[in-house]
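Coordinate-derived values only; no laboratory data. A quick note: this is a predicted structure, and the numbers were derived from the prediction, not measured. Here the Cβ is made from the backbone with ideal geometry for all residues, glycine too, and neighbour counts use every protein chain on show.
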Amino acid sequence: MTRARLPALGYVYVAFALPALVVGPGHRQLQSALLTGALFGYLWFLTSLRARLVRFDPDAFFAGAVVLGGAGYIALQVVAILGADVLVAAPAAACAATTIIGSSLAAWRARKIAKWFGQAGLAGGIAVLIVGIVEGAADWTLAGSSIFASSLGFMIWVLVTTTYLLRR
């Protein structure tokens, strides 16, 4: 796989993370195996995103925020899914929102994306944050005990971003 194709591993992340959310806490071994594959894809996706952002933002301010948010997100998300704990999923949403907003701002300010696309990214990041706050405050999940709406929102962003990075 070439460096230019590494963003495709964002699809791998979603393909493994989504079933890990859906199977629920009754299948911890399966969830762990799925999350292992998801984590592998996600880390390579995040690395390729960071490399692109450094080119957009030479002082790497936004790239740093994206990597910190992305690393915090995946760590908290693994704990939230394996523990079926919405109280951990809520802070994970803050990390996901940081990743979304940071990457959107970097690309928008560098004029690498259309204004409306940057605004959509900001709105999506804010929506993930608000949904995460609601999940934590209300002890709420979309369905079952481990399907977190904030995680689904982040996965949608990963799919859109992966597609965009591969088209460039």
Once fully extended, how much extra length lies between residue 134 and residue 152, figured as 0.36 nm per residue of separation less the alpha-carbon to alpha-carbon distance? 5.0 nm
Taking a label point 7 Å from the Cα of residue 122 along the Cα→Cβ vector, which residues of region 32-71 have an amide N closer than 11 Å to it? none
Using DSSP to call loops (not H, G, I, E or B), can you name the trypsin sites (Lys or Arg not before Pro) in region 52-149 whose Cβ has at most 10 other Cβ atoms within 10 angstrom? 111
What FRET efficiency do you get for residue 15 and residue 109 if R0 is 30 Å and r is their Cβ-Cβ distance, rounded to the nearest 0.05? 0.45
Determine the relative contact order of region 3-167: mean sequence separation of Cα pairs under 8 Å and six or more apart, normalised by residue count, in whole percent. 27 percent
Let me have the 222 nm mean residue ellipticity of the chain computed from DSSP H runs of 4+ only, each contributing -39500 (n - 2.57), with the sum over all residues rounded to the nearest 500. -28000 deg cm²/dmol
Quote to one decimal, in nm, the extra length available between residue 75 and residue 160 on full extension: 0.36 nm per residue of separation minus the C-alpha distance between them. 28.4 nm
By how many nm would the segment from residue 142 to residue 40 grow when fully extended, if each residue of separation counts as 0.36 nm and the alpha-carbon distance is taken off? 34.2 nm
Size of the dipole of the chain about the Cα centre, Lys and Arg at +1 and Asp and Glu at -1 on the beta carbon, nothing else charged, in debye to 20? 900 debye
Which one of 32, 104, 150 has the biggest mean-square fluctuation once the chain is modelled by GNM with Cα springs under 10 Å? 32
Of 134, 110, 32, which is farthest towards the positive pole of the chain's charge dipole, taken about the Cα centre with +1 and -1 on the beta-carbons of Lys, Arg and Asp, Glu respectively? 110
Cα convex hull of the chain: mean projected area in nm², to one decimal? 8.7 nm²
Please order 47, 98 by the number of other Cβ within 10 Å, starting at the fewest. 47, 98
